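J.: After the structure tokens below, expect a handful of questions from me.
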Amino acid sequence: MTTPALPHRGRMFWGSMVVGWAIILFGIRGLFMDRAATAPAGFTKWFIGLAIVHDALLAPVVFTVAWLAGRVLPRRAVVPVRLGLATSGLLILYSWPLARGYGRRESNPSALPLDYGRNLVVSLITIWILVGLWIAIASIQSHRRRAVPQVTRST
Amino acid sequence: MNGPRHAVQTLHEEISTRRDRALEQPAHDVRTAAVLGIALGVCFSLCFVTGLVSHTLQQPPQWFDWGSRPAGLYRITQGVHVISGTAAIPLLLAKLWSVYPRLFLPLERHIVPAIERLSLVPLVGGSLFMLFTGTANIARWYPWPFFFPRGHYWGAWITIGALVIHIGARASNARVALRRDSSITTAATASSDRNPISDGRIRPIGRRTLLGWAGGASLALTAVTAGQTVPFLRRIVLFAPRRPDIGSQGLPVNRAASEAGVMDRAQDPQWRLIVDVDGAEKLSLDLAALAALPQRHATLPIACVEGWSASARWSGVSVIDVLTHASITQFDTVEVVSLEDGGLYSRSILNTSQARDRDTILATTVNGETLNLDHGFPIRLIGPNRPGVMQTKWVTRLVVR
């Protein structure tokens with residue numbers, strides 16, 4: 001079993017523990033002192049909730065998709081497809097509120113002025129063209145590598 | 001009763017086996033985590049410091065005296081704030097992916113490691129919280145029940161505290177792992193042909209692939225968003241919430257006149273600029289009287305805490321010339337009051353150095369045109385090195401103290 005090495009407990013460890021927890025407690029105190037604006041219960045739901053969504057939903061989905069890609073795809077397509085999927089997922093997550101226009105107001109056309117949905121589609125198409133090119137180039141190189149020894153044998 | 005217990009035991013063993021296999025892979029080892037951690041540490045530190053600058057500027061303590069020069073300093077700090085936050089998104093996702101198998105390590109039995117591990121809750125929760133709320137804020141989307149600037153501010157303290165603990169606890173391990181001859185990494189690299197959640201037949205994600213993706217995605221996301229403040233990237237802006245050249249009179253608007261509820265009052269012919277000193281009205285000027293005072297022209301940026309900024313040519317009367325016209329020479333602060341009915345941004349304070357700067361203007365024109373309502377007609381404040389929300393629009397009163 002591989003266990004990550006235990007942290008070294010020198011002056012830096014203890015100093016950062018004291019300072020770090022003091023800063024955290026300062027933040028929590030401020031959160032509650034400022035409760036009219038921070039709504040601590042709602043804040044906590046989002047603070048903890050996002051970690052749970054990541055750990056219990058997003059990460060398992062990513063691991064499963066990466067595993068499936070590794071199992072289903074031909075070997076030379078695995079890396080480009082995984083990278084394509086990761087980049088596409090990142091871009092969709094980032095641009096979703098923009099593309100859906102959640103913050104758009106008729107009174108202020110200068111806010112969110114671009115066609116984010118179109119930009120997202122164009123970006124995704126570009127990403128997958130690059131993925132396709134990568135796989136094609138890798139295939140050609142692989143064929144060439146296999147062809148070279150045959151030529152050598154025939155001469 | 002043996003059945004469920006056996007199933008749990010089997011599941012536990014299966015999880016442990018897969019976790020240990022995963023931790024042997026380079027993409028999940030200490031070296032990878034260290035590289036991503038350093039990059040994230042730099043981004044988070046930049047975000048924290050620049051965010052603190054903006055917060056302190058908007059709620060200045062007595063001792064804090066932010067000067068008016070250099071004119072573009074605030075613009076740079078907030079550009080850096082949002083750019084480093086955006087760049088951190090792929091880095092954070094890659095880092096969490098890299099260390100995810102550690103989530104399944106057994107609970108600590110000793111108090112000190114348990115407390116150190118407990119600090120990962122505010123670190124992970126806080127990192128996701130800060131980047132999610134920051135990104136949603138610049139997209140003007142507020143699905144949560146708290147006031148964004150205050151939640152983001154206190155969340156930043158909690159996150160940075162957890163980061164301090166993490167750095168202190170992991171720095172020595174990271175230093176060892178980053179050495180070329182590190183035993184921590186070479187042992188892992190030797191058995192890199194297995195997948196975290198599978199057998200040895202499936203190609204694993206390598207360290208270079210993961211780090212390359214994180215760095216590349218970080219750069220790419222920055223490139224297609226940073227044009228909202230970096231001029232040479234404007235042409236490839238795809239996902240920035242603003243473009244500096246899109247908006248009425250060639251400038252973006254943060255709060256329209258209709259949103260502020262000042263449409264009628266701003267166009268009222270009875271509008272006057274009042275100068276109050278210690279609660280008594282000292283001077284009243286209409287637009288014609290303002291136009292008769294010496295006119296000042298300056299090219300200054302509007303720089304928003306949301307990371308966008310845009311420069312324009314402003315013309316109007318220097319605040320200091322208005323004060324001189326009212327025979328005011330000594331003062332500590334000048335409060336600039338808007339026609340808006342209350343609200344956090346309906347007034348702003350100029351300290352002495354800001355008010356005395358000749359480029360701190362009560363502007364009546366922008367880029368050669370009379371200000372329109374959305375840009376603050378009849379007059380708005382524009383000054384060097386100030387947050388956009390403190391460039392008060394629809395000004396009606398100067399309160400001198």
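The values are calculated or read from the model by the stated rules, or taken from the named source; none is laboratory data. Everything numeric in this text was worked out from a predicted model, so none of it was measured. Every residue, glycine as well, gets a Cβ built from its backbone with ideal geometry; the counts of neighbours run over all protein chains shown.
J.: Consider B:Gly307 carefully, then state whether it is under 29 Å from B:Phe232 (Cβ atoms) and in contact (Cβ under 8 Å) with a residue 40 or more places away in the chain.
T.: So B:Gly307 passes the test.
J.: Separate question: Are any of the residues in the stretch B:101-115 small (Gly, Ala, Ser) and within 14 Å of chain A (Cβ to nearest Cβ)?
T.: Yes, the conditions are met somewhere in the stretch B:101-115.
J.: Something else now. What helices (runs of 4 or more DSSP H), lying completely within the stretch A:40-118, carry at least 2 residues that are of a type in the set (Val, Ile, Thr) and touching a residue at least 12 places away in the same chain (Cβ under 8 Å)?
T.: Ranges flagged: A:59-72, A:75-100.
J.: Still on this structure, I have one more. From the list B:Ala240, B:Ala312, B:Ala303, pick out the single residue that is of a type in the set (A, V, I, L, M), at the interface with another protein chain (Cβ under 10 Å from one of its Cβ atoms) and within 24 Å of the chain's Cα centre (by Cα).
T.: B:Ala240
J.: If you don't mind, another one. Since B:Thr209 meets every condition but one in (1) at pLDDT 95 or above; (2) part of a helix (DSSP H, G or I), which condition does it not meet?
T.: Condition not satisfied by B:Thr209: (1).
J.: At pLDDT below 95 and hydrophobic (A, V, I, L, M, F, W, C): which single residue out of A:Val122, A:Val151, A:Val131, A:Val81 fits that description?
T.: Going through A:Val122, A:Val151, A:Val131, A:Val81 in turn, the sole match is A:Val151.
J.: Can you name the number of the only condition in (1) assigned to a helix (DSSP H, G or I); (2) out of contact with any Phe, Trp or Tyr (no Cβ under 7 Å at 6 or more places or on another chain) that B:Val389 fails?
T.: For B:Val389, the exception is condition (2).
J.: Follow-up. Tell me the helices (runs of 4 or more DSSP H) entirely within the stretch B:30-133 that contain at least 2 residues that are within 22 Å of B:Arg175 (Cα to Cα) and in contact with a Cys (Cβ under 9 Å, 6 or more places away or on another chain).
T.: The qualifying helices (runs of 4 or more DSSP H) are B:73-99.
J.: Quick check on A:Thr87: is it hydroxyl-bearing (Ser, Thr, Tyr) and surrounded by fewer than 19 Cβ atoms within 10 Å (Cβ to Cβ)?
T.: Taking the combined requirement at face value, the residue does not satisfy it.
J.: Please indicate, with yes or no, whether at least one residue in the stretch A:6-16 is within 24 Å of B:Leu131 (Cα to Cα) and either in contact with a Gly (Cβ under 8 Å, 6 or more places away or on another chain) or small (Gly, Ala, Ser) (or both).
T.: Yes, the conditions are met somewhere in the stretch A:6-16.
J.: When the residues of the stretch A:90-117 are narrowed to those that are under 25 Å from B:Gly216 (Cβ atoms) and small (Gly, Ala, Ser), which ends up farthest from the other protein chains (Cβ to nearest Cβ)?
T.: Here the answer is A:Gly117.
J.: Check whether at least one residue in the stretch B:72-82 is in contact with a strand residue (DSSP E or B) (Cβ under 7 Å, 6 or more places away or on another chain) and under 30 Å from A:Ile92 (Cβ atoms), and report yes or no.
T.: The answer is yes; a qualifying residue exists.
J.: Going residue by residue through the stretch A:48-56, is there one that turns out to be facing chain B (nearest Cβ under 8 Å) and over 30 Å from A:Phe32 (Cα atoms)?
T.: no
J.: If a residue has to be farther than 19 Å from B:Leu373 by Cβ, of a type in the set (Ser, Thr, Tyr) and crowded, with 18+ Cβ neighbours inside 10 Å to count, how many in the stretch A:95-122 make the cut?
T.: So the answer is 2.
J.: Among A:Arg11, A:Arg71, A:Arg29, which is more than 22 Å from the chain's Cα centre (by Cα), surrounded by fewer than 15 Cβ atoms within 10 Å (Cβ to Cβ) and over 20 Å from B:Ala169 (Cα atoms)?
T.: A:Arg29
J.: Run down A:Thr126, A:Thr87 and say which single residue is more than 7 Å from chain B (Cβ to nearest Cβ), among the polar types (S, T, N, Q) and out of contact with any Leu (no Cβ under 7 Å at 6 or more places or on another chain).
T.: Result of the check over A:Thr126, A:Thr87: A:Thr126.
J.: Does B:Phe146 satisfy being free of Cβ contacts under 8 Å to residues at least 24 places away in the same chain, more than 14 Å from A:Ile28 (Cα to Cα) and buried (at least 24 other Cβ atoms within 10 Å of the Cβ)?
T.: The answer is yes for B:Phe146.
J.: Quick check on this structure: which one of B:Leu178, B:Leu163 is more than 7 Å from chain A (Cβ to nearest Cβ) and buried (at least 22 other Cβ atoms within 10 Å of the Cβ)?
T.: B:Leu163
J.: Are any residues in the stretch B:325-347 part of a strand (DSSP E or B) and in contact with a Phe, Trp or Tyr (Cβ under 7 Å, 6 or more places away or on another chain), and if so, which ones?
T.: B:Ser338
J.: Sticking with this structure for a sec: Would you mind stating whether B:Asn367 is over 26 Å from B:Thr77 (Cα atoms) and in contact (Cβ under 8 Å) with a residue 60 or more places away in the chain?
T.: Criteria not met by B:Asn367.
J.: Which count do you get for residues in the stretch B:121-131 that are buried (at least 18 other Cβ atoms within 10 Å of the Cβ), over 24 Å from B:Gln59 (Cα atoms) and either at the interface with chain A (Cβ under 7 Å from one of its Cβ atoms) or not polar (S, T, N, Q) (or both)?
T.: 5
J.: Also, quick follow-up: From (1) under 20 Å from B:Ala27 (Cα atoms); (2) polar (S, T, N, Q); (3) at the interface with chain B (Cβ under 7 Å from one of its Cβ atoms), pick out the condition that doesn't hold for A:Thr64.
T.: Unmet condition: (3).
J.: Pairs only if they're at least six apart or on different chains, beta carbon under 6 angstrom, first in the stretch A:1-28 and facing another protein chain (nearest Cβ under 7 Å), second modelled with pLDDT under 95 and surrounded by fewer than 18 Cβ atoms within 10 Å (Cβ to Cβ); list them, first residue then second.
T.: A:Met1/B:Asp20; A:Thr2/B:Asp20; A:His8/B:Ser172
J.: Take the residues of the stretch A:134-144 that are among the small types (Gly, Ala, Ser) and at pLDDT below 95: which is farthest from A:Ile92 (Cα to Cα)?
T.: A:Ser142
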